[in-house]
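The values are calculated or read from the model by the stated rules, or taken from the named source; none is laboratory data. Computed from a predicted structure; not experimentally measured. Counting neighbours? That spans all protein chains shown, and the Cβs are built from the backbone with ideal geometry, glycine included.
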Amino acid sequence: MNLITLDNRKDNDKPVLLLIGVRGQLGYDCAKVFSDVFSVKGLSSSDLDLSCTDDIQATIIKYRPAVILNCGAYTKVDNCETEVETARLINAEAPAQLAAAAKACKALLVHVSTDYVFPGDRKLPDGYSETDKVGPVSVYGNSKLAGELAISKSGCEYLIVRTAWLYGINGYNFLKTMLRLVLSEPEKERKVVADQYGCLTSSWRLAQQLLKLVEAGKRGLYHGVGENSANWFQVASYFLQQMQVEHRLTPCKTAEYPTPARRPANSILLNSRLKDDKLLLMLPWQEDLDLFILKYRERLLNEALKMI
């Protein structure tokens, strides 16, 4: 059943979509994209604290949504290594409670997951498809996988979409950090990791892809990432060059910058099921990044300069 045709749970002639994490990078774009089809009710962390799992079901059910879109997560990967319980509550237990609420009110649960569910040891340039064996190597990855499993076993209608390396105009991301750093000291040489590979993904494009899947009535597990892969050094170099700002970047290895959480060396996801279903909207990462810069270059520069 395509949930957007339901004749109940409507507001202003549109079915209600409850968006969790509305102030986040992806949630911000989803609120705009989904508003064309749904009456979007957005909840921020101050409206619904996902670590307070006892409150989740009652909060969700009172909205009687047709769709629950969970863009909320605890994504501080290194902090997760020591804040294990917080990661478990937000990334594993909260999705389980959302699934129970979705089942109770016969809603579709759309849940965003991560490339970190894979071990990252696959030989380059091969990537991971939806049917490949998982094996997280960090607390963050394990907690997100636990959330996926809880949803899949809940009996609710669900759509899980794994993504990676997100960037958007709202909030913080790798691209904005690099821009701020090079603008603050243009002559300084910056080292950027060049042995971790993944798929840079536009949050705006992903929001459109999520809506496409919902409108098509799809269920189960999908990957949704920018097409083609790159390492962080390649991404940063391309971005700063297209932004036309002075920069001095040098590639380095992960070992030169040890972190509490282990990062997958190969984090490449394949949009296999989207292609099989002929629903792919994701573009090559360079094309989406060009469009992003074309639209937001001045805003990005102004925001970065204000933070220096």
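What the table below lists for this structure:
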{"item": "Cross-chain or 6+ apart pairs with Cβ under 8 Å, segment 76-104 first and in the same structural domain as residue 48 (by TED's automatic domain parsing) and free of Cβ contacts under 8 Å to residues at least 60 places away in the same chain, then part of a helix (DSSP H, G or I) and acidic (Asp, Glu)", "result": "95/148"}
{"item": "Residues that are surrounded by fewer than 18 Cβ atoms within 10 Å (Cβ to Cβ) and closer than 26 Å to residue 138 by Cα, drawn from segment 235-264", "result": "251, 252, 253, 254, 255, 256, 257, 258, 259, 260, 261"}
{"item": "Verdict on residue 82 being of a type in the set (Ser, Thr, Tyr), out of contact with any Phe, Trp or Tyr (no Cβ under 7 Å at 6 or more places or on another chain) and not in a helix (DSSP H, G or I)", "result": "yes"}
{"item": "Residue list for segment 103-142, restricted to those being of a type in the set (S, T, N, Q) and at positive phi", "result": "none"}
{"item": "Single match in 199, 156 (criterion: under 30 Å from residue 279 (Cβ atoms), within 21 Å of the chain's Cα centre (by Cα) and in contact (Cβ under 8 Å) with a residue 24 or more places away in the chain)", "result": "199"}
{"item": "From the options 116, 140, 158, 128, residue that is assigned by TED's automatic domain parsing to the domain that holds residue 73 and more than 17 Å from residue 223 (Cα to Cα)", "result": "140"}
{"item": "Qualifying residue in segment 152-160 (condition: farther than 30 Å from residue 65 by Cβ, surrounded by fewer than 18 Cβ atoms within 10 Å (Cβ to Cβ) and among the charged types (D, E, K, R))", "result": "no"}
{"item": "Test result for residue 45, within 20 Å of residue 97 (Cβ to Cβ), in a loop (DSSP other than H, G, I, E, B) and modelled with pLDDT under 95", "result": "yes"}
{"item": "Test result for residue 102, among the aliphatic types (A, V, I, L, M) and assigned to a loop (DSSP other than H, G, I, E, B)", "result": "no"}
